[in-house]
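Visitor: Could you have a look at this structure, given as structure tokens, before my questions?
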Amino acid sequence: MRRAHDVTIIGAGIIGLLSALELAQTGRTILILERHRAAMEASWAGGGIISPLYPWRYAPAITALATFSQTVFPDLIGSLFRTTGIDSEFLQNGMLVTATSESVEALAWGSGLQQLVSEISIDEASTLEPEVCLHKKALWMPKIASVRTPRLGQALRQACINHPLITLEEDASVSLEGTVVDPVVYVEGRRRNTLVVVLAAGAWTGGLLDALTTNCPIKPMKGQMLLFSVCNLVSRIVLSDGRYAIPRLDGRVVFGSTLEDVGFARTPDRAAFESLHQSALEMIPSLKDVAIEAQWSGFRPGSPKGIPWIGPVSERLWVNSGHFRNGVVLAPASARLLADLITGRSPIVDPNAYQPKDMR
Ligand SMILES: Cc1cc2nc3c(=O)[nH]c(=O)nc-3n(C[C@H](O)[C@H](O)[C@H](O)COP(=O)(O)OP(=O)(O)OC[C@H]3O[C@@H](n4cnc5c(N)ncnc54)[C@H](O)[C@@H]3O)c2cc1C
């Protein structure tokens, strides 16, 4: 087959863009096809916490990827800044977990993995975050960081545009035809020849695979967020009863999130606004005087256990999708694992847990 690129990646969210950068490092030529503009869907909407929420609740397959990513994130952000001039605002100020009765599980998980987790008193917690409402001891994870997702997305987009082996085509909506063994990529009716196709279309991955009569359980799980105006009320991530506040470097606070199984209904709604606002005031009462600048929604690529598919469906059709609530923290490891598998390198983690065949 005459082909223009070695690998065609469908979808330019954080997963598609990082996969392209990893694969280009191995000398492959890459075409990324993005329906709209790169990194404007879940990868824009996400809070950017570089850890699963309550990480001890997750399967070892998630922990393995998250641990790898956490070690490489500072260098990734630094190198993106040097090559693109865009600062993704990596902020490693730690995460305070309040109102939890899971100290035993958290401490056991932390000691097994050399992850720093400690239980601290109400006084110690309020020294860290004086504006946060506290009723009992808290958990403190000093190494947890966050990034400003829209900026990380723009830095990754620019890094791909700058890369001599990567072509990013935006406004290029893909349809697939053929079979999983012999997939054919079309953009607006025109066929694109490629050796390998990688599906990184987030919550839309299932729709693409439907066309190849392959059932894929990834479905959209809507999340809504609020953005509070500059207030400098917290300087660490605070997690309480499943809701979280994330400080930004400019003093704004992002507050999230809802988890809704409502398909692709995009419009943010009043009920979510009120529920998030109430949770925010319960966590940080002084937010009552702070203006809300924005409310938005995004579609997490929801997989049944939150474990992404990373691997081949066939020799020519690959998937890197289904990262659910953790696509930002899992992205560097997922992209690296995909590149390891495509190029036959020794994989960074055991790939078995992520094989598409096991996720049905
Ligand atoms: C409210 C919210 C908060 C979150 N907070 C966090 C957090 O704090 N930490 C964390 O780790 N994760 C978080 N997440 C999850 C994380 O954002 C996602 O898991 C991650 O962004 C998924 O990345 P992706 O590249 O797979 O998907 P996306 O970013 O959705 O990208 C998929 C891309 O594919 C494109 N596409 C779809 N169909 C086609 C087609 N036919 N042709 C061409 N292109 C197509 C889309 O336009 C899109 O650009 C959050 C998510 C939400 C919604």
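Visitor: Show me the ranking of peptides 233-243, 345-355, 146-156 by mean Cβ neighbours inside 10 Å, starting with the highest.
Guide: Details: 233-243: 21.1, 345-355: 15.2, 146-156: 24.3.
Peptide ranking by packing, descending: 146-156, 233-243, 345-355.
Visitor: What order, most packed first, do the peptides 296-303, 8-15 have when packing is the mean number of other Cβ atoms within 10 Å of each residue? Mind showing how you got there, number by number?
Guide: Values: 296-303: 22.4, 8-15: 29.8.
Going by the mean number of other Cβ atoms within 10 Å, highest first, we get 8-15, 296-303.
Visitor: 222 nm [θ] for the chain, helices only, -39500 (n - 2.57) per DSSP H run of 4+, per residue, to 500?
Guide: The helix contribution divided over the chain gives -9500 deg cm²/dmol.
Visitor: Something else about it: How much length is gained if the chain between His135 and Arg266 is pulled fully straight, taking 0.36 nm per residue apart and subtracting their Cα-Cα distance, in nm to one decimal? Present the calculation step by step, with values, prior to reporting the outcome.
Guide: Details: separation 131, 0.36 × 131 = 47.16 nm, distance 3.60 nm.
Between His135 and Arg266, full extension yields an extra 43.6 nm.
Visitor: Can you tell me which of 43-49, 317-323, 110-116, 257-263 comes out highest on packing, and rank the rest after it, using the mean Cβ neighbours within 10 Å?
Guide: On the way: 43-49: 23.7, 317-323: 28.1, 110-116: 13.3, 257-263: 16.0.
Descending packing order for the listed peptides: 317-323, 43-49, 257-263, 110-116.
Visitor: While we're here: Multiply the residue gap between Glu169 and Tyr186 by 0.36 nm, knock off their C-alpha separation, and tell me the result in nm, one decimal place. Each step should come with its number before you reach the end.
Guide: Working: separation 17, 0.36 × 17 = 6.12 nm, distance 1.31 nm.
Contour length minus the Cα-Cα distance gives 4.8 nm.
Visitor: What order do you get for Asp87, Asp123 when you list them from fewest to most C-beta neighbours inside 10 Å? Provide the component values of the computation, followed by the final result.
Guide: Numbers: Asp87 16, Asp123 8.
Lowest count first: Asp123, Asp87.
Visitor: Could you work out the per residue convex hull volume over the alpha carbons of the chain, in cubic angstrom?
Guide: Details: hull volume 46.3 nm³, N = 360.
Taking only Cα atoms, the chain has a hull volume of 129 Å³ per residue.
Visitor: Let me ask another. Tell me the net charge near Ile122. Cut-off is 13 Å between Cβ atoms, Ile122 excluded, with +1 for each Lys or Arg and -1 for each Asp or Glu.
Guide: On the way: positive: Lys136, Lys137; negative: Glu119, Asp123, Glu124, Glu129.
Net of charged neighbours comes to -2.
Visitor: Here's something else I'd like to know. Which net charge results for the neighbourhood of Gly302, defined as the other residues with beta-carbon distances under 11 angstrom from its beta-carbon, given Lys and Arg at +1 and Asp and Glu at -1? Please report the intermediate quantities before stating the final value.
Guide: Details: positive: Lys219, Lys222, Arg300, Lys305, Arg325; negative: Glu260, Asp261.
Net charge in that neighbourhood comes out at +3.
Readers should treat all values here as calculations from the given coordinates under stated rules, not as data from a laboratory. Small disclaimer: the values here were computed from a predicted structure and weren't measured. Positions of Cβ are backbone-derived with ideal geometry, glycine not excepted, and every protein chain shown enters the neighbour counts.
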